[in-house]
1. State all residues of segment 74-117 that are without any contact (Cβ under 8 Å) to a residue 60 or more places away in the chain, assigned to a helix (DSSP H, G or I) and over 17 Å from residue 60 (Cβ atoms); if no residue qualifies, say none.
2. Quick check: is even one residue across segment 59-71 buried (at least 16 other Cβ atoms within 10 Å of the Cβ), over 12 Å from the mean Cα position of the chain (by Cα) and part of a helix (DSSP H, G or I)?
3. Residue check: is residue 44 farther than 19 Å from residue 104 by Cα, touching a helix residue (DSSP H, G or I) at 6+ places or on another chain (Cβ under 9 Å) and in a helix (DSSP H, G or I)?
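A short reminder: the numbers here are calculations on the coordinates, not readings from a lab. Owing to the predicted nature of the structure, the values given are computational and were not obtained by experimental measurement. Backbone-built Cβ (ideal geometry, glycine too); neighbour counts: all protein chains shown.
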């Protein structure tokens, strides 16, 4: 799978990221870091422990990385989760569906990144 195909598959904006990073090799290098970053593991752990502060931090990190790499679909879901967690002190039923959406988008994105040639 090429970098452009990954962006197409995951709902990213290839033209935007390539305009900033200039080469597929550079984009691929940064995409590999997404797959190895511990933010999603922290997000899962925070949800299982119902730690809103850590969950916010992890979701916010994922959102920022996705914004910088133009991973639009994952950015959108993580941004929604980040905003609903902002300033929150307790978990509620409204968080589960958003977490599952971020999880689905994240796992799909990482799966595609791992298929890069």
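1. 94, 96, 97, 100, 104, 107, 111
2. Here is the first cut: in segment 59-71, the residues buried (at least 16 other Cβ atoms within 10 Å of the Cβ) are 59-63, 65-66, 69-71.
With the extra rule that they be over 12 Å from the mean Cα position of the chain (by Cα), the set shrinks to none.
The answer is no; no qualifying residue exists.
3. Values: farther than 19 Å from residue 104 by Cα: no; touching a helix residue (DSSP H, G or I) at 6+ places or on another chain (Cβ under 9 Å): yes; in a helix (DSSP H, G or I): yes.
The answer is no for residue 44.
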